[in-house]
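So the structure is just underneath, and the comments pick up after that.
The values are calculated or read from the model by the stated rules, or taken from the named source; none is laboratory data. Because the structure is predicted, anything quoted here is derived from the model rather than measured. Reconstructed Cβ throughout: ideal geometry from the backbone, glycine too, with neighbour counts over all protein chains shown.
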């Protein structure tokens, strides 16, 4: 994937989940998923807009079936959101950059498990 989005293994993800203090966006994807390919530029755009305070990663469900099963992934793409190691939300299917960015900002603002640092929030809707 373009940008700095890491394609990680289950072991690396679980290690980062324990250590990482930033908000994590984890995308479960599969090579044969046409929607995964369509959503890729939107995820890269959201990553750039959110900056270094948010860590984006992706997991290939074909190679990491146990992790996909653990998070009850039934389709791709599926996005799972984490703050301080705690799963706090998710989305299934195509998501545009605006929706992804605003969802992350809302979760950071409103989740008790998220870091104390709050990101600025602009009212530009979810369209």
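In table form, for the structure just shown:
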quantity: Where residue 23 falls short, out of the listed (1) modelled with pLDDT under 95; (2) farther than 20 Å from residue 97 by Cα; (3) in contact with a helix residue (DSSP H, G or I) (Cβ under 6 Å, 6 or more places away or on another chain); calculated: (2)
quantity: Of all residues making up segment 103-123, the number that are more than 16 Å from residue 51 (Cβ to Cβ) and modelled with pLDDT under 50; calculated: 1
quantity: Some residue of segment 28-50 being assigned to a strand (DSSP E or B) and at pLDDT 95 or above; calculated: yes
quantity: Residue 6 being in contact with a strand residue (DSSP E or B) (Cβ under 8 Å, 6 or more places away or on another chain), in contact (Cβ under 8 Å) with a residue 24 or more places away in the chain and surrounded by fewer than 16 Cβ atoms within 10 Å (Cβ to Cβ); calculated: yes
quantity: Hits in segment 40-52 - residues which are surrounded by fewer than 20 Cβ atoms within 10 Å (Cβ to Cβ) and closer than 14 Å to residue 102 by Cα; calculated: 42, 45, 48, 49, 51
quantity: Total residues in segment 55-69, condition farther than 22 Å from residue 114 by Cβ and under 16 Å from the mean Cα position of the chain (by Cα); calculated: 4
